Amino acid sequence: MGYFGAAGAPDLSYASYLRVAELLSQQRCVSEPAEHDELQFIVVHQVFELWFKLLLHELDAVGVHLAGGSDEDVREAERLLGRVAAVERVLQGSLHVLETMRPIDFLRFRDRLKPASGFQSAQFRELEFLAGIRDETLLPLVRGEATAEARLRRRLGEPSLGERFFACLRRRGFDAPEGEPGRGARVAALRRIYEEPSRFPLEYALAEALAEFDEQLTLWRQHHVAMVERVIGGKIGTGAAVTGAREGVRYLRTTLDRKAIPELWEVRATIGGGP
């Protein structure tokens, strides 16, 4: 953009580098006159989308390192997963801001949001698909957004984070076959790692970093459900016309047990001679 030493270009500044003017122009309320709480509602959700963008960026890098499989790659994947977990905790904290909104204040502009819904967040669906939580029935929610739909379809065709993790373990000498028939063997491979962490310190640290990512994703879902119920109770969401009324608290509760890498949770019941 001409900021980096080009002749006659203005000096780079904080505002120009971060495009602060453009960023602050993107909060446009639909209520008229603008309801006081609508600005915070927009800002929080826009911040969510920025954090989702960073999560996708970091998890893609994790995937590259898992594909490498060297000791250095495993350490770097673990390090980046630590950043991912930190972002997930920030996302959970952001929900507290929405919880400061009184139900009656949200109702003053809620109907103007129809048929838009957070359920249509393409980046969050992309994050789920990358992680391994895949539901193709959600694809129609982004129809009409060609770029978003293409990204989601690309994620469906790529190995999930869990598949990349077990491929990494195979490269490192573990019996962790692909596919549903190999699930028991994958759990057994993890059991070796978890029962002898001093023998497999890199693999153990990586497995725990992935479990932390998965746990924080679940905690975000749980807090999100609680926040939604606190603000709108059992009402159907604003996007019912396009989501087939799948949202609202009742639907959101059905998503709470989804795990990105279920083997990481199954193995814990087997450690130390468990069933």
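Laboratory data are not the source of any read-out in this text; all were calculated from the coordinates shown. Please read all numbers here as calculations on a predicted model, not as lab measurements. Quick reminder, even Gly has a Cβ in these numbers, built from the backbone with ideal geometry, and neighbours come from all protein chains shown.
Taking trypsin sites (Lys or Arg not before Pro) in DSSP loop states with no more than 11 other Cβ atoms inside 10 Å as exposed sites, the chain has its longest site-free stretch at 29-142. In the chain, taking the dipole from charged Cβ atoms about the Cα centre, the farthest positive-side position among PRO33, PRO197, LEU59 is held by PRO33. Each stretch of four or more DSSP H residues adds -39500 (n - 2.57); spread over every residue of the chain, this sum gives -19500 deg cm²/dmol at 222 nm. Dipole check for the chain: with +1 at the C-beta of Lys and Arg, -1 at the C-beta of Asp and Glu, and the Cα centre as origin, the magnitude is about 580 Debye. Given R0 = 45 Å, the distance between the Cβ atoms of ASP175 and VAL90 translates into a calculated FRET efficiency of 0.75. Here the contact order of the chain, divided by its residue count and restricted to Cα pairs under 8 Å and six or more residues apart, works out to 22 percent. Among LEU12, GLY272, THR137, whose Cα lies farthest out toward the positive end of the dipole of the chain, if unit charges sit on the beta carbon of Lys, Arg (+1) and Asp, Glu (-1)? Checked the options; the winner is THR137.
Shown here: Cα Rg over 2.2 N^0.38 Å, derived from the displayed model; of the candidates (i) 1.16; (ii) 1.01; (iii) 0.96, it corresponds to (i). Can you list the residues of the stretch 190-221 with backbone N under 14 Å from a point 7 Å past the Cα of ILE271, pointing along Cα to Cβ? Only 190-201, 203-212 fall inside the zone, counting backbone N under 14 Å. Provide the net charge surrounding VAL74, with neighbours chosen by a C-beta distance below 14 Å and charges set as Lys +1, Arg +1, Asp -1, Glu -1. Result for the local shell: -1. Rounded to the nearest 10 degrees, the angle from helix 146-157 to the longest Cα principal axis of the chain is 10 degrees. Think of the stretch 39-269 as having a plus end and a minus end, set by charges on the Cβ of Lys, Arg, Asp and Glu; of GLY184, ALA85, VAL225, VAL225 sits farthest toward the positive end of this dipole.
Longest span of the chain, sites excluded, free of chymotrypsin sites (Phe, Trp or Tyr not before Pro) in DSSP loop with at most 16 other C-beta atoms within 10 Å? Longest stretch, sites excluded: 5-275.
Applying the criteria of a DSSP loop state and at most 16 other Cβ atoms within 10 Å to the GluC sites (Glu not before Pro) of the stretch 163-227 yields GLU178.
Distance between the pseudo-spin-label points of GLU229 and ALA188 (7 Å out from Cα toward the beta carbon): 4.1 nm.
Taking 0.36 nm per residue of sequence separation and removing the Cα-Cα distance, the LEU50/ASP11 pair yields an extension gain of 11.4 nm.
Tell me, what is the FRET efficiency for ARG102 and GLN26 to the nearest 0.05, using R0 = 22 angstrom and their Cβ-Cβ distance as r? My answer for the efficiency is 0.30.
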